[in-house]
Amino acid sequence: MTVTPQLPRRSATEQARLEAVLREVFEHKLCFNELLGFKVESLDPAAPQISFAMRPDLIGHYQHGRLHGGVIATVLDTVGGLAVTVAIAEKFNGETAEQVGHRFGRIGTIDLRTDYLHQGIGKKFTATGRITRLGGRIASVQMTLENEAGVLIATGGAAYVVS
């Protein structure tokens with residue numbers, strides 16, 4: 001039996017640098033995310049999260065003040081991409097922030113499904129992504145969106161190319 005040697009895990013300093021880079025990318029470098037006000041709430045590999053506050057310019061139905069469906073689909077796709085990025089960073093946990101950043105450049109959405117379950121009413125929304133499979137070429141993710149009261153607004157499933 002051949003044992004593959006484990007690479008040393010990145011240092012705490014390098015991990016903090018990686019997390020700062022991921023926040024910068026997902027909050028500012030992806031300009032549409034910045035426009036929508038997305039903030040990375042958690043980089044927990046089991047369930048990374050993105051949140052945003054309701055604003056008048058995110059309303060999709062002017063009579064009811066509901067969140068636009070496109071914003072819902074966008075945050076689910078974004079948190080799915082964040083989940084894949086965090087999972088890859090964890091899988092290759094000996095790599096530097098630059099090396100993980102290079103891998104991020106190869107991630108792309110292949111398929112996205114959004115199920116709208118309740119009206120998008122609330123003051124703050126939080127999206128969570130959970131990896132269901134991280135393969136060598138394709139990653140599968142399940143996502144949820146809840147308001148501040150814990151009402152499940154939407155769920156999603158997506159596939160991402162990772163190679």
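Yes or no, residue by residue, for (1) under 29 Å from T132 (Cβ atoms); (2) without any contact (Cβ under 8 Å) to a residue 24 or more places away in the chain:
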| position | (1), (2) |
| --- | --- |
| L18 | yes, no |
| F32 | yes, no |
| G37 | yes, yes |
| L43 | yes, no |
| F52 | yes, no |
| P56 | no, yes |
Point to revise | Filter pass, I72 being within 13 Å of the chain's Cα centre (by Cα), closer than 21 Å to L35 by Cβ and not in a strand (DSSP E or B) | key: yes
Review point. Name the pairs whose Cβ atoms lie under 8 Å apart, with the first residue in the stretch 79-103 and in contact (Cβ under 8 Å) with a residue 60 or more places away in the chain and assigned to a helix (DSSP H, G or I), the second surrounded by fewer than 18 Cβ atoms within 10 Å (Cβ to Cβ) and of a type in the set (S, T, Y), and 6 or more positions between them or separate chains?
Key: G80/T109; G81/T109
Check your understanding: Which residue, of V100, V75, is surrounded by 19 or more Cβ atoms within 10 Å (Cβ to Cβ) and in contact with a helix residue (DSSP H, G or I) (Cβ under 7 Å, 6 or more places away or on another chain)?
Key -> V100
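Which one is nearest to E41 (Cα to Cα) among residues in the stretch 128-163 that are among the small types (G, A, S) and in a strand (DSSP E or B)?
G129
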Review point. Could you say whether any residue in the stretch 124-145 is closer than 21 Å to L30 by Cα, surrounded by 17 or more Cβ atoms within 10 Å (Cβ to Cβ), among the small types (G, A, S) and touching a residue at least 60 places away in the same chain (Cβ under 8 Å)?
Key: yes
Practice item. For residues that are of a type in the set (A, V, I, L, M, F, W, C) and buried (at least 16 other Cβ atoms within 10 Å of the Cβ), scanning just the stretch 103-120, find the one that is farthest from E34 (Cα to Cα). Key: L112
**Study point:** Looking only at the stretch 82-95, and only at residues there that are surrounded by 15 or more Cβ atoms within 10 Å (Cβ to Cβ) and touching a helix residue (DSSP H, G or I) at 6+ places or on another chain (Cβ under 8 Å), the one that is modelled with the lowest pLDDT
**Key:** E95
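The values are calculated or read from the model by the stated rules, or taken from the named source; none is laboratory data. These numbers were taken from a predicted model, which means no experiment stands behind them. Cβ coordinates were reconstructed from backbone atoms using ideal geometry, including for glycine residues, and neighbour counts include every protein chain displayed.
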